[in-house]
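Colleague: Submitted below is the structure of interest, expressed as structure tokens.
The values are calculated or read from the model by the stated rules, or taken from the named source; none is laboratory data. Predicted model, so just to flag it, every value in this text is computed and none were measured. Cβ: placed from backbone, ideal geometry, glycine included. Neighbour counts: every protein chain shown. The area values use the complete protein model at the heavy-atom level, side chains included, leaving out ligands, DNA and RNA. Shrake-Rupley method; radii C 1.70, N 1.55, O 1.52, S 1.80 Å.
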Amino acid sequence: MVRLVTHNLLACHAKDCNTNNFPLGFQNVQLEIREAEFNPDFVRAFLPKIEWNALVKTARELGDTSLPDEQPEMVDDDFLQNLHHVLFELHVIEGAMVCPNCKHVYPISDGIPNMLLAEHEIA
Amino acid sequence: MIPTPDVSHLTDKDYSIIYEPAEDTFLFLDALEADAGDLKELKALICLEVGSGSGCISSFVAQILGPSVRAISFSLAGIKVSLECINTSFASPLIHRLWHQVDIILFNPPYVPTEYEEARFAQQGKSIAGAWAGGYDGMQVTNEFLEIVEDLLSERGLFYLVALKQNNVPEIQKRMLHEHSLESKVVLQRRAGREHLFILRFKRQNPS
Ligand SMILES: [Zn+2]
């Protein structure tokens, strides 16, 4: 399952692709929403690990506009609930992720992203 | 006693690509259980299980950490398990974002010695051979990962590695200390048939 938490941690790793290689863009996405248990403490602790702009941009591309442009200074339960939903409940089941820099396409099949590169593409 | 994770959702088809839990897996689980206190103290947010297949080890760690802790676990084998699964050779698409961020790293490498070319071939394909072919001295794949593990490990993170006696455990420990400033200890060792298995644990020498 490619949840946005995973997507937020993946960058293109093709040979010589070192800048502007994050976030990968979604393409031809088949989206599924699956409820996950809400653990506010965990979401709060995980917040510093997130690349915020990338997450907001990607969530909006997938049709979820619940997150603000900037991380709020006061983190309340409503915010954590929205963040939880975006990070852990949106699943991309089929489609692809495309590098904004080198345009390498990483297919997603049955919820598993294929990040393998061909021999000549490995750094 | 923590029950061994349920892997009954995996089918024979899955086991033709990954390998079934065996002695090395059980020793790994025993070692993690022995280390439960230290693992809990980490308050882990991100775990990484590399190339191991069934996700059995990560599931077990999740049980050790308890229901109130919910670390994100990545399985880098491309097999559908109850974790975030990524089909990749090692962690290279994650390094960019997970630099010094991973709290628990679990690696049960393919350590059976084979010819180098065969190992390369097997690693590129997705087959049971990939899980077993360990390269010339059984260390080819392990060495590639040992080169980058420090990049991933968080300040107080713990890295667990399964090794065979013939992999030269003291040499691995010395090399990791000198080249990557990771100190280590043998958590458990056991003779299983012809194999003498070790579970090593690495951590930063001087965490800030
Ligand atoms: Zn790229």
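Colleague: Can you tell me how many residues within the stretch A:15-42 are outside any loop (DSSP other than H, G, I, E, B) and either within 16 Å of the ligand (Cβ to nearest atom) or without any contact (Cβ under 8 Å) to a residue 60 or more places away in the chain (or both)?
Modeller: Going residue by residue through the stretch A:15-42, those that are outside any loop (DSSP other than H, G, I, E, B) are A:25-33, A:40-42.
Next, only the ones that are either within 16 Å of the ligand (Cβ to nearest atom) or without any contact (Cβ under 8 Å) to a residue 60 or more places away in the chain (or both) stay: A:25-27, A:33, A:40-42.
Of the residues in the stretch A:15-42, 7 are outside any loop (DSSP other than H, G, I, E, B) and either within 16 Å of the ligand (Cβ to nearest atom) or without any contact (Cβ under 8 Å) to a residue 60 or more places away in the chain (or both).
Colleague: For A:Ser66, which of the numbered conditions (1) free of Cβ contacts under 8 Å to residues at least 24 places away in the same chain; (2) within 16 Å of the ligand (Cβ to nearest atom); (3) more than 14 Å from chain B (Cβ to nearest Cβ) fails to hold?
Modeller: Of (1) free of Cβ contacts under 8 Å to residues at least 24 places away in the same chain; (2) within 16 Å of the ligand (Cβ to nearest atom); (3) more than 14 Å from chain B (Cβ to nearest Cβ), only one is false for A:Ser66: (2).
Colleague: Can you tell me which residue is modelled with the highest pLDDT among those in the stretch A:75-106 that are facing chain B (nearest Cβ under 10 Å) and either open to solvent by 60 Å² or more (accessible area, probe 1.4 Å) or away from the ligand (no atom under 16 Å from the Cβ) (or both)?
Modeller: If we take residues in the stretch A:75-106 being facing chain B (nearest Cβ under 10 Å) and either open to solvent by 60 Å² or more (accessible area, probe 1.4 Å) or away from the ligand (no atom under 16 Å from the Cβ) (or both), then A:Leu87 is modelled with the highest pLDDT.
Colleague: Out of curiosity, is A:Pro72 free of Cβ contacts under 8 Å to residues at least 40 places away in the same chain, open to solvent by 10 Å² or more (accessible area, probe 1.4 Å) and in a helix (DSSP H, G or I)?
Modeller: On the way: free of Cβ contacts under 8 Å to residues at least 40 places away in the same chain: yes; open to solvent by 10 Å² or more (accessible area, probe 1.4 Å): yes; in a helix (DSSP H, G or I): no.
No.
Colleague: Evaluate the following for A:Arg34: is it at the interface with chain B (Cβ under 9 Å from one of its Cβ atoms), more than 12 Å from A:Cys99 (Cβ to Cβ), within 16 Å of the chain's Cα centre (by Cα) and among the charged types (D, E, K, R)? Explain how you work it out, then say what you get.
Modeller: Values: at the interface with chain B (Cβ under 9 Å from one of its Cβ atoms): no; more than 12 Å from A:Cys99 (Cβ to Cβ): yes; within 16 Å of the chain's Cα centre (by Cα): yes; among the charged types (D, E, K, R): yes.
In short, no.
Colleague: Something else: Looking at the stretch A:6-14, can you tell me whether even one residue there is more than 16 Å from the ligand (Cβ to nearest atom) and facing chain B (nearest Cβ under 9 Å)?
Modeller: Just the residues of the stretch A:6-14 that are more than 16 Å from the ligand (Cβ to nearest atom), to begin with: A:6, A:8.
Right, trim to facing chain B (nearest Cβ under 9 Å) and you get A:6, A:8.
Checking the stretch A:6-14: at least one residue is more than 16 Å from the ligand (Cβ to nearest atom) and facing chain B (nearest Cβ under 9 Å).
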